[in-house]
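A short worksheet on the structure shown next.
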Amino acid sequence: MDYKLSLVEHLTELRQRIIISLAALILASAVSFSFASRLLYILKAPAAGLIQKLVFFSPLEAFMIYMRIAFLSGLVISMPVILYQLWVFIGPAIQEKFKRHIVYFIFFSSFSFAIGCFFAYFVIIPPGLKFLLSFANQELVPLISADKYISFVTGLIACTGIVFQMPILSFLLTKLGVINAAFLRKKYKYAVIGIFIAAAIITPTTDTFNMLIMAGPMLFLYEISIWVSFFAGNKKRS
């Protein structure tokens with residue numbers, strides 16, 4: 001009976017954390033909508049010299065584009081709140097002495113996400129666009145939809161930001177006892193295969209160079225994740 005009550009309380013807390021996270025996301029997105037046009041200009045900057053103008057093909061499309069941009073901005077702004085709710089929710093499964101590290105968790109998670117977003121914006125997207133648009137000729141004239149372009153750019157930015165969370169995820173899973181450094185090292189060759197497959201999916205182009213641009217940092221992050229798990233595991237045993 002106590003187990004059922006504990007489970008109900010656990011689900012109630014999960015619902016509460018989700019509601020708070022969604023409220024923060026909605027509020028941040030609503031605020032971001034007021035400067036969505038400026039964000040659109042920033043997102044279009046990597047296509048400078050390649051795409052002159054973006055077009056839309058339905059009355060609703062432009063509004064939905066601004067909504068999507070506002071949502072992405074809101075996600076970035078509300079990320080500390082969402083991470084805090086995540087940390088509080090998993091707190092009971094983490095040793096008491098590590099709960100006070102919430103500030104470090106939020107800072108490093110947000111920092112890693114931001115680094116991933118900047119990496120996609122400055123390193124992946126410009127050469128990717130240049131490669132893809134190099135196929136234009138007299139028979140194939142690029143007329144880029146704003147909806148397709150924003151989906152392309154924001155998708156890459158979000159995916160890369162999430163990928164850069166690998167060390168943080170490694171730390172949490174180690175503290176929860178799910179993984180350890182020896183396990184990650186043992187599965188290294190499978191991780192390499194998985195990373196190259198993921199890089200091929202995330203990378204917008206099919207050429208090896210751009211895929212390596214994505215796979216290289218992912219391999220580096222996996223190695224960091226192993227060392228993070230090693231030190232986190234040692235402290236846990238201590």
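The values are calculated or read from the model by the stated rules, or taken from the named source; none is laboratory data. In this text, all values refer to a predicted model and were calculated from it rather than measured experimentally. Cβ: placed from backbone, ideal geometry, glycine included. Neighbour counts: every protein chain shown. Please note that ligands, DNA and RNA were not included when accessible areas were found on the heavy atoms of the full protein model with its side chains. Shrake-Rupley method; radii C 1.70, N 1.55, O 1.52, S 1.80 Å.
Tabulated data
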| quantity | calculated |
| --- | --- |
| At least 30 Å along the helix axis (C-alpha) and Kyte average at least 0.0, DSSP helices within the chain | 2-32, 61-90, 208-237 |
| Residue 54 long-range amide H proximity, modeled H, under 5 Å | none |
| Neighbour cut-off at most 13 other Cβ (10 Å), DSSP loop, chymotrypsin sites (Phe, Trp or Tyr not before Pro), region 18-58 | 57 |
| Cleavage-rule hits, GluC sites (Glu not before Pro), region 33-142, DSSP coil, Cβ neighbours within 10 Å at most 15 | 139 |
| Cα-projected label distance for residue 186 with residue 89, points at 7 Å along beta-carbon direction, nm | 3.0 nm |
| The chain: relative contact order in percent, alpha carbon pairs under 8 Å with at least 6 residues between | 22 percent |
| Which labelled figure in [x] 21.8; [y] 20.2; [z] 18.4 is Kirkwood radius over Cα pairs in Å, once derived from the coordinates | [y] |
| Residue 53 versus residue 145: modelled label distance in nm, points set 7 Å from Cα along the beta carbon direction | 1.9 nm |
| Debye, to nearest 20: dipole size of the chain, +1 on Lys, Arg Cβ, -1 on Asp, Glu Cβ | 760 debye |
| Of all accessible heavy-atom area on region 39-175, the percent that carbon and sulfur account for (1.4 Å) | 75 percent |
| Probe 1.4 Å, protein heavy atoms only - accessible area per residue of the chain in square angstrom | 60 Å² |
| Packing-based ranking, highest mean first, of 161-172, 192-203, 217-228 given that Cβ atoms within 10 Å are counted | 161-172, 217-228, 192-203 |
